[in-house]
Every structure is written in structure tokens, then in C-alpha cells.
1. Please work out which residue is nearest to Val79 (Cα to Cα), limiting yourself to region 32-58 and to residues that are out of contact with any Ser or Thr (no Cβ under 8 Å at 6 or more places or on another chain) and among the β-branched types (Val, Ile, Thr).
2. Regarding Gly90, is this residue modelled with pLDDT under 90, within 26 Å of Leu33 (Cα to Cα) and of a type in the set (Gly, Ala, Ser)?
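The values are calculated or read from the model by the stated rules, or taken from the named source; none is laboratory data. Note that the coordinates shown come from a computational prediction; the quantities given were computed from them, not determined experimentally. A quick note on method: Cβ atoms are made from the backbone with ideal geometry, for glycine too, and the neighbour counts reach across all protein chains shown.
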Amino acid sequence: MAGEEGYGEEGYTVVGAEHYTAYEGHGGLSVALFFLLGAVAGTGLGLLLTPQSGWKTRRQIKEASKEAKAMLGFYSSRVLNKVGVTLDKGKGLIREGRPLLLTAIEAGKEAYEREKEQRTQSGK
């Protein structure tokens with residue numbers, strides 16, 4: 001398909017000069033989530049396909065799920081903590097920047113009124 005309208009050399013869809021690849025649009029959190037889901041699926045398949053007794057497999061699944069639950073709790077608390085810190089920083093920035101923003105808005109209004117007044121006076 002290379003050389004046809006809308007396709008690049010590698011067959012990727014091209015819009016302007018941009019190539020869309022499998023890596024675009026995936027942030028660090030989604031990559032970590034995909035990795036975690038893959039690890040869980042691989043562990044589950046490995047346990048289910050291992051030739052051993054059922055009670056041993058069930059015990060391993062139970063232990064693995066406890067470990068996964070503990071890790072999930074640990075990482076979710078870290079994420080929530082980072083989100084909280086980020087929100088606090090954002091609130092602080094808003095509190096600090098609000099007076100400056102209000103001053104800039106007032107200056108803009110005054111400049112607008114002066115310009116409007118000058119244009120009406122020059123038009124007479």
C-alpha cells in the first residue's frame with residue numbers, strides 16, 4: 001500500500017507529516033496498567049496450565065491474589081497521595097496567581113474603556 005494516497009512508506013496512516021504508531025497516545029500510567037494486566041494474565045495462565053494437583057493450584061492462586069491485592073493497595077495509595085499533593089500545589093498556584101489575574105483583568109478593562117473613549121472622541 002506504500003505510495004498510495006494516505007499511506008506512508010511503512011503503511012502507517014499519514015496526516016500531514018505525522019506518522020501514527022503503536023506508541024502514540026500511551027502515557028506512563030496506561031503502559032504500567034497494561035504491564036500489570038499482562039503479568040496477572042500470564043501468572044494465571046501459568047498456574048492453570050501447570051501439571052499439579054488442584055488444591056496446590058488453588059492455594060497458589062489464593063496466595064498470588066493476596067500479593068496482588070497488597071501491591072494494588074500500596075500503589076493505589078501512592079497514586080492517591082501524588083494526586084493529593086498535585087491538587088494541593090494547583091490550589092496554591094491558583095491562590096497565588098488569582099490577585100495577579102484579577103489585576104490583569106482590571107488593567108485590560110481600563111485599557112479597553114480608554115481606547116473606546118478615545119475612539120468615540122476622535123469620531124466626533
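1. First pass over region 32-58, keeping only residues out of contact with any Ser or Thr (no Cβ under 8 Å at 6 or more places or on another chain): 32-46, 49, 51-56, 58.
Subset that is among the β-branched types (Val, Ile, Thr): 40, 43.
Values: Val40: 20, Thr43: 24 Å.
Taking the candidates together, the pick is Val40.
2. Working: modelled with pLDDT under 90: yes; within 26 Å of Leu33 (Cα to Cα): yes; of a type in the set (Gly, Ala, Ser): yes.
When the stated conditions are applied, Gly90 passes them.
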